[in-house]
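The structure under discussion appears below in the form of structure tokens.
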Amino acid sequence: LDCIDNNPNYNPTDRVMFTMVDNLPGVVSKVDIGNGMVTPMATLVPPPGLWAIYSAAVSPIDSKIFAHNSAATKTRLITLDYCMDGSMPTELANHGESVCGLAFDNDGVLYGIDSGNNALVTFDTTTGEITDSKQLKVGNQNLDVVSCGMAYDCVGDRLLLTQGQGSRVYAIDPSNGAATEVANPAGGDWTAVGAEYDVITKDMYVVNGQPFFQVKLDGSNMVTNLDNLSIATNDLTFGPVCP
């Protein structure tokens, strides 16, 4: 179900939801879905400069963890291993764009949402360079994401985007950037969001700073308000447990 079959430490019932809080450089924290507690689980040595992590994703090929630093003058992918406490993330190329979401597909292609240009971008995971960019559109209209969360439904083969204005969830066609509305819950506008898809419940988890939601993607538009996170964050990602 998790589509990362080569890692025995990442399974649907044996995984961790983690986040990297903007104002805690280098700290990787566990998110408890049941009570909202955000608890540090590793402290990495952050590279010099500003730190603003808005999204992370785990490669289905080798389980390498990628995150994006969208701080001014940084704007680059980093790779990290939170099981190596005290290690330093590796910085890749500075491509100059602010990215609010990351997600791998089943083939190991890494996509991101360029919030400045409202575009779906594709990354070279070796260099960190952006290799392709497609304008996000709903019908004939450009989609203004404002801010976003991004996830991948590896069973349904869907790139999923939570729009930072209008509380909507879209499926994105990577071939042309076309966005199709999947959910439009009446839960208030999300203005700074992180998101992750759960292969067990087939729902999206969405965070707006501290407010935390579980969103149905079955056409019902139902949203459940979960316990607020204990600290504000913009990032939610399922990852492997440490051996």
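A few remarks follow.
- Long-range lysine pairs (8 or more apart or interchain), the chain, Cα under 22 Å: 4
- Shape metrics for region 88-243, restricted to C-alpha atoms - Rg then Dmax, Å: 15.0, 48
- Radius 14 Å from Cβ of LYS134, net charge of other residues (Lys, Arg +1; Asp, Glu -1): -3
- Were the residues from THR90 through ASN184 laid out at 0.36 nm apart, the gain over their Cα-Cα distance would be 30.1 nm.
- Förster-model FRET efficiency, 30 Å R0, ASN140 and ASP107, C-beta, rounded to 0.05: 0.55
- Net +/- balance of residues flanking VAL145 in space, Cβ distance below 12 Å, scoring K and R +1, D and E -1: 0
- Gyration tensor over alpha-carbon atoms, region 1-51, equivalent ellipsoid semi-axes in Å: 25, 15, 8
- Per-residue SASA entry for TRP51, accessible area with 1.4 Å probe, Å² rounded to 10: 30
- Of all the options PRO89, PRO60, PRO48, the one that moves most in a Gaussian network model of the chain with Cα springs shorter than 10 angstrom is PRO48.
- Per-residue Karplus couplings for region 46-58, computed as 6.51 cos²θ - 1.76 cosθ + 1.60 with θ equal to phi - 60°, are listed in order as x, x, x, x, 6, 9, 8, 8, 9, 6, 9, 7, 10 Hz, Gly and Pro entered as x.
- Per-selection Rg to Rh, region 1-93 - Cα, Kirkwood hydrodynamic radius: 0.96
- Computed label-point distance, nm, for sites THR201 and GLN214 using a 7 Å Cα→Cβ extension: 0.3
- Of THR90, THR19, THR131, the residue with the greatest mean-square motion in the GNM of the chain, using alpha carbon springs below 10 Å, is THR131.
- The calculated FRET efficiency for ASN176 paired with THR79, based on their beta-carbon distance and R0 = 25 Å, is about 0.30.
- Listed residues ASP198, ASP227, ASP157, most fluctuating in the chain (Gaussian network, C-alpha, under 10 Å): ASP157
- Protection proxy ranking for 122-129, 219-226, using the average of other Cβ atoms within 10 Å per residue and placing the highest first: 122-129, 219-226.
- In this structure the amide hydrogen of ASP203, modeled in the peptide plane, comes within under 5 Å of the amide hydrogens of ASP198, none closer than 5 places in sequence on its chain.
- Label point of ASP5 set 7 angstrom out along Cα-Cβ; within region 220-243, amide nitrogens under 19 Å from it belong to 240.
- Positive dipole terminus of region 1-108, leading residue within PRO25, VAL58, ILE4 (C-beta point charges): PRO25
- Values of log10 I(q)/I(0), in the order q = 0.23, 0.27 Å⁻¹, for region 60-144 under a Debye, Cα-only, solvent-free model: -1.14, -1.39
- Note, ³J(HN,Hα) from phi for region 203-218, Karplus 6.51, -1.76, 1.60, rounded to Hz, x at Gly and Pro: 10, 9, 9, 10, 10, 10, x, 9, x, 10, 10, 10, 10, 6, 10, 9
The values are calculated or read from the model by the stated rules, or taken from the named source; none is laboratory data. Keep in mind it's a predicted model, so treat the numbers as computed, not measured. All Cβ positions, glycine included, derive from the backbone under ideal geometry; neighbour counts span all protein chains shown. Keep in mind that these areas ignore ligands, DNA and RNA; they rest on the heavy atoms of the full protein, side chains included. Shrake-Rupley method; radii C 1.70, N 1.55, O 1.52, S 1.80 Å.
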